[in-house]
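Report on the following structure.
Nothing in this text is a laboratory measurement; each read-out follows from the coordinates by a stated rule. Worth saying up front: this structure is predicted, and the values here are computed from it rather than measured. Reconstructed Cβ throughout: ideal geometry from the backbone, glycine too, with neighbour counts over all protein chains shown.
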Amino acid sequence: MKAIVLNHFIAIACLFFLGCKSVQTPPPAIDYQLLNSNQFELKPIESQENIFALDDDIKVKLDQYIKGNSSTIRQAKQLLNFLMHNGDNSLAYQSGANLVASEAFYNLNANCLSLSILSFSLAEHLGLDAQFQRVHIPEYWDQSQGYSLLTGHVNLIIKQSNRREENNQIYFFSPTSVTVDFDPNSREQKFKTSKISKERITAMFYNNKGAMHMIKAQYDLAYSYFKAAIEIDPAYSGSWGNLGILYRINNMYELAERTYKHALFVDPNNNTALGNTAILYRLTERENQAEQIETQLEIKRKNNPYYLIVRGNEALAKDELNQAIHFFNEARKLDKNIHDSYFGLAKVYYYLGNMDRAERYLKLALKNAEFLHDKKRYKGKLAVFKYLASR
């Protein structure tokens, strides 16, 4: 089955994260006129305390596992071992799995945001100094049910204090740290990082949950999560942008446009909100304004292989197979190690009936896949190829 046309770009964190300004920037005032929508019913959602809470069983297991007289760094490393040897023993990244800390412990197939929240809560229980970080990766998209999800990445750094008090004397040491990062690509490439607050992490969690409910057409829940994200961190532009999408798909065009503009006021570099503004302009027959934005974004993104993969999938959804091949090959030229471009080519040649080339590119997708769930998916498709060839 071919993909649905990707007509919305959603910002989610870890995935999914966008529009992070410095935590030292004074937050903008919340424009409650953009939130007072009578079309949606507020639903109960997790509190920040619920998101970070560890149940008593986890705390007991952790206390028994960690040696209390160990150094901070050793305890941090023991914490990582604890994650691997408790829980369900199958630590794996899943982009759509937005779990609170205790859920993530019992089901380690979660996204990096949930796994970082779990690690933070474990470190906090041990009295360790933990700090969330934004990892400045290039724009990257994932696909889910016809939506193009702009993803991002966060990790956690556990630090050793640079001072110790003994017998009324204060000794200073060079601080050391351990970085807890669940993405192998991020660990290897050493991207720039910046500190982010617990409130920003909570807003990301709410924003992700809202995005997943919006994709499922559960609009009251989506609105409830986006509103909560905005109220705990008004400076997180991604939540405003996604709220604009929610208004747009519910035909609330005027409110959607105002919300997109506010997202761009909060962060002028929120390309996702800008792109969705162009979509709205086309829906409201403002073609020239839409084209200006699209040209601006094309210039910004032309050297981003992940953007070209999105364009390839869009072309594939429209049966523009030659265009799809062009975009996937251009993405491959920019970075030959991204499995999504090979998978895109495999799909195109499958639709063209060229099974040999489709299988060849599927094998290359498997070879370049990092995460277990991607490898399983490609192995399953290769097994189907072998079955069909044997008949």
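Separation of region 245-279 from region 113-135 is 32 Å, based on Cα centroids. Looking at region 298-330, the GluC sites (Glu not before Pro) that sit in a DSSP loop and have at most 16 other Cβ atoms within 10 Å of their own Cβ are Glu320.
Cross-link pairs exceeding 20 Å in C-alpha to C-alpha distance, out of Lys300/Lys333; Lys347/Lys375; Lys336/Lys386, comprise Lys336/Lys386. Direction-averaged projected area, Cα convex hull, region 305-385: 4.7 nm², rounded to one decimal.
Among the listed pairs Lys302/Lys381; Lys59/Lys159; Lys216/Lys367; Lys302/Lys363; Lys77/Lys195; Lys318/Lys376, those with a Cα-Cα distance over 23 Å are Lys302/Lys381; Lys216/Lys367; Lys302/Lys363; Lys318/Lys376.
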